[in-house]
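Each remark here refers to the structure printed beneath this line.
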Amino acid sequence: MNEILAGQKNSLLMSESFETQLKNDFEANMNNYTDKDNFPCIFCSYETNVPIDCLIHMHQKHNFAISSLSSLSLLDKYLDNWRFHPQPIINSQVYGFPSQTIDLENPEEISLRKTLHKLRLDQVMNEYEMERTTVFKDIPCLFCRDKFTGTWQQYLQWLFEVHRFNPGRPQNLVYIPTLISYLRNLINNNICINCGQHFDKPHLLRSHMKKKPHDKIPDKRYFDRFYMVNYLEEGKKWQDIEKEDDDIDQSKIPIEEGLKDFDDDTVIDETKCLICDTVLSTPGFVVDHMLRYHHFSLKEVQKSIGSDFYKMIRFVNYARAAKNEKKCFICGAPVIDNYVDHIASHENKVPVDIATILSDDKYLIPVIKEDPLLTVLEDI
């Protein structure tokens, strides 16, 4: 009796060990599997919308496991394929335990995996291109009341410039909205994204992240899904890529260690961009934003009209008034839609009728009451 119980206990422990390794392998590559909500067993009528449950079912009921699970793309399509075809099954070792599995050297298995990888890569590249080129309005900041208008890759760059928060180099990341949503949930609950420590107040969390520093993505398997390299280069990890060429030119950014604090008593001079609807926490950030994302330099305007402070005031107020009137501040043409694109079409961004504008005193009156941008014109 004792021998039977001991055997059952050992069998249970082996099953738990197998399933732990299976779950770890699955989670390391989970984003590859989320193509649809139906995952069928290849041996019986069992189906589920939870992929890991399907894998455990096949192990427990059919003594079957998929080899090299972490490198497999699109699990649902893989299961669909073998469900309706004879499987080239062999007896082998999976995670160190005897199990049936599909022969990795079988030509059909090789071809199927290559096809699914190509299909998955096309999906990822489409997502990557969208995040690189599509402009979104009013993306909330993770740390303060600012909102950002631009692409998701530009948003990550902006987070670094404004708060010194570096979740990763934008060109290396994909599924950025999902990543930001995950990080936002942690931060909104005052949980450190790196170590998981909970804090009672937001400013205590920011202070902790700054001092440690814990303002970077931790080396955890969950984050593998957000790195392009895990879809492109088999065997190369995102941590290696992050050590390679840095897109962010540190020499152009004021030296400041760690995450920039935005405590409850921080003074914020919310300033609106002259070209788009982005509102940032200081006029200096808006000056940098216009240069980086709109290729518009207030310094170049100043060079063309002279260093007269009041001329610059007239120019800024004219630019704001023109945008409010849906009129290009450069050429004067009406612009009903796509104001940002229209401004971008002008290589020379100094107004054509600049002399008339600078002589009109009505533009000495601020369009925006107490406009913070007017306070930095002498320091540009």
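Filtering the stretch 342-380 to residues that are among the charged types (D, E, K, R) and either under 17 Å from residue 309 (Cα atoms) or out of contact with any Gly (no Cβ under 7 Å at 6 or more places or on another chain) (or both) leaves 347, 349, 360, 361, 362, 369, 370, 371, 378, 379. Which residues, counting only those in the stretch 173-190, are over 19 Å from residue 148 (Cα atoms) and buried (at least 16 other Cβ atoms within 10 Å of the Cβ)? Residues satisfying the conditions are 186, 190.
Condition check: under 13 Å from the mean Cα position of the chain (by Cα), of a type in the set (Gly, Ala, Ser) and at pLDDT below 90. Does residue 150 satisfy that? Can you show your working first?
Details: under 13 Å from the mean Cα position of the chain (by Cα): yes; of a type in the set (Gly, Ala, Ser): yes; at pLDDT below 90: no.
Spelling it out, it is not the case that residue 150 is under 13 Å from the mean Cα position of the chain (by Cα), of a type in the set (Gly, Ala, Ser) and at pLDDT below 90.
Entry remark, the stretch 36-46: residues being farther than 17 Å from residue 89 by Cβ and surrounded by fewer than 14 Cβ atoms within 10 Å (Cβ to Cβ) number 4 in total. Here residue 274 passes the criteria (1) free of Cβ contacts under 8 Å to residues at least 24 places away in the same chain; (2) buried (at least 20 other Cβ atoms within 10 Å of the Cβ); (3) not hydroxyl-bearing (Ser, Thr, Tyr) except the one numbered (1). When the criteria are applied in full, residue 252 meets the requirement of being among the charged types (D, E, K, R), modelled with pLDDT under 50, exposed (fewer than 11 other Cβ atoms within 10 Å of the Cβ) and more than 22 Å from the chain's Cα centre (by Cα). Applying a threshold of 7 Å to beta carbon distances and a minimum spacing of six or more residues, or different chains, the list of pairs starting in the stretch 139-156 at a residue that is at positive phi and ending at one that is part of a loop (DSSP other than H, G, I, E, B) reads 150/135.
Quick check: anything in the stretch 111-124 free of Cβ contacts under 8 Å to residues at least 60 places away in the same chain, exposed (fewer than 15 other Cβ atoms within 10 Å of the Cβ) and outside any helix (DSSP H, G or I)? No, there is no match, as no residue in the stretch 111-124 is free of Cβ contacts under 8 Å to residues at least 60 places away in the same chain, exposed (fewer than 15 other Cβ atoms within 10 Å of the Cβ) and outside any helix (DSSP H, G or I).
Here's the yes/no breakdown for (1) among the hydroxyl-bearing types (Ser, Thr, Tyr); (2) in a loop (DSSP other than H, G, I, E, B); (3) touching a residue at least 60 places away in the same chain (Cβ under 8 Å):
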| position | (1), (2), (3) |
| --- | --- |
| 53 | no, no, no |
| 56 | no, no, no |
| 66 | no, yes, no |
| 70 | yes, no, no |
| 76 | no, no, no |
| 81 | no, no, no |
| 85 | no, yes, no |
| 90 | no, no, no |
| 93 | no, no, no |
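Scanning the stretch 298-356 for residues that are surrounded by 14 or more Cβ atoms within 10 Å (Cβ to Cβ), among the β-branched types (Val, Ile, Thr) and in a helix (DSSP H, G or I) yields 301, 305, 313, 316, 340, 343, 354.
Output yes when any residue across the stretch 142-157 is farther than 30 Å from residue 274 by Cα and in a strand (DSSP E or B), and no when none is. No, every residue in the stretch 142-157 fails to be farther than 30 Å from residue 274 by Cα and in a strand (DSSP E or B).
Considering only the stretch 163-199, how many residues are assigned to a loop (DSSP other than H, G, I, E, B) and touching a Phe, Trp or Tyr at 6+ places or on another chain (Cβ under 8 Å)?
Count: 6.
The values are calculated or read from the model by the stated rules, or taken from the named source; none is laboratory data. Keep in mind it's a predicted model, so treat the numbers as computed, not measured. Neighbour counts run over all protein chains shown; Cβ positions are idealised from the backbone, glycine included.
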